[in-house]
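Undergrad: Quick one: the structure is below, and I'll ask about it shortly.
Coordinate-derived values only; no laboratory data. This is a predicted model, so every value here is computed, not measured. Heads up, the Cβs are rebuilt from the backbone with ideal geometry, glycines too, and the neighbour counts pull from every protein chain shown.
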Amino acid sequence: MKRPDCVDEMAPHTQMVFETLAKESPMTQAELLEATRLPFRVGCDAISELTEADLITAEIHAHGRRRLYQVQTTDTRSADEQVVSA
């Protein structure tokens, strides 16, 4: 998977979270924070930034108590953009 250009403009910790998910997704928030060794608040901010940029998605499991994060594929992003623009 090719890394989107917009990731290069993000903070280093956000880039680290994206790269980790690109290699090892899906991951829970706890797994992601352990893999990157980022502090809780910094990791949460990176996840939020990537989610808002539509670069990662979160699948909610176990009645909303666990989220699995993964990199959103280009095909999925293109389909979402088509729906929004229609």
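Undergrad: I'm trying to understand the selection: among the residues of the stretch 13-59, which are in contact with a helix residue (DSSP H, G or I) (Cβ under 7 Å, 6 or more places away or on another chain) and of a type in the set (D, E, K, R)?
TA: Hits for the stretch 13-59 are Glu24, Glu49, Asp54.
Undergrad: Return the residues of the stretch 32-42 that are surrounded by 16 or more Cβ atoms within 10 Å (Cβ to Cβ) and in a loop (DSSP other than H, G, I, E, B); say none if nothing qualifies.
TA: Leu38 - this is the single residue of the stretch 32-42 that is surrounded by 16 or more Cβ atoms within 10 Å (Cβ to Cβ) and in a loop (DSSP other than H, G, I, E, B).
Undergrad: Ok, one more. Looking only at the stretch 13-31, filter to residues that are part of a helix (DSSP H, G or I), aliphatic (A, V, I, L, M) and over 9 Å from the mean Cα position of the chain (by Cα); which one of those is nearest to Ala62 (Cα to Cα)?
TA: Result: Ala30.
Undergrad: Something else about it: Regarding Met10, is this residue surrounded by 17 or more Cβ atoms within 10 Å (Cβ to Cβ), in contact with a helix residue (DSSP H, G or I) (Cβ under 7 Å, 6 or more places away or on another chain) and part of a helix (DSSP H, G or I)?
TA: No.
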